[in-house]
């Protein structure tokens, strides 16, 4: 017998409405929070909607605000360790232990850089 999971079904974790999409505008080279902590989150997808035709091309770095050892994540453009880079047009989907707050910064300053974020509480 197959098991089906849908919005609000018994396989759902916490309050659900399917995917929740956020549009982040004016992302800059200094890290800022783009997604608050959510104890029910089971996955998160980050998308760099840039086309890659501008100059310079905006890379986006996303990172959890807290590292696995419980310390604050100091990721920045000069020290990007602890972050994930998303190239123009790219997607990054993470599942599992993604309930903490997430921040992001861009490799480009002085231009409008955008980020699309979608989170889900579905198991």
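The values are calculated or read from the model by the stated rules, or taken from the named source; none is laboratory data. Every value quoted in this text rests on a predicted model; they were computed, and no experiment measured them. Neighbour counts are summed over all protein chains in view; Cβ atoms, including those assigned to glycine, are modelled from backbone coordinates with ideal geometry.
Some values worked out for this structure:
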quantity: Tally of residues being closer than 26 Å to residue 56 by Cβ and either assigned to a loop (DSSP other than H, G, I, E, B) or over 14 Å from the mean Cα position of the chain (by Cα) (or both) across segment 70-123; calculated: 23
quantity: Hey, residue 34 in a loop (DSSP other than H, G, I, E, B) and out of contact with any helix residue (DSSP H, G or I) (no Cβ under 8 Å at 6 or more places or on another chain) or not; calculated: no
quantity: Hey, residue 22 modelled with pLDDT of 90 or more and loosely packed, with under 15 Cβ neighbours inside 10 Å or not; calculated: yes
quantity: Verdict on residue 103 being surrounded by 16 or more Cβ atoms within 10 Å (Cβ to Cβ), under 25 Å from residue 20 (Cα atoms) and free of Cβ contacts under 8 Å to residues at least 40 places away in the same chain; calculated: no
quantity: Candidates 93, 45 - the one that is exposed (fewer than 13 other Cβ atoms within 10 Å of the Cβ), under 23 Å from residue 21 (Cβ atoms) and touching a strand residue (DSSP E or B) at 6+ places or on another chain (Cβ under 6 Å); calculated: 93
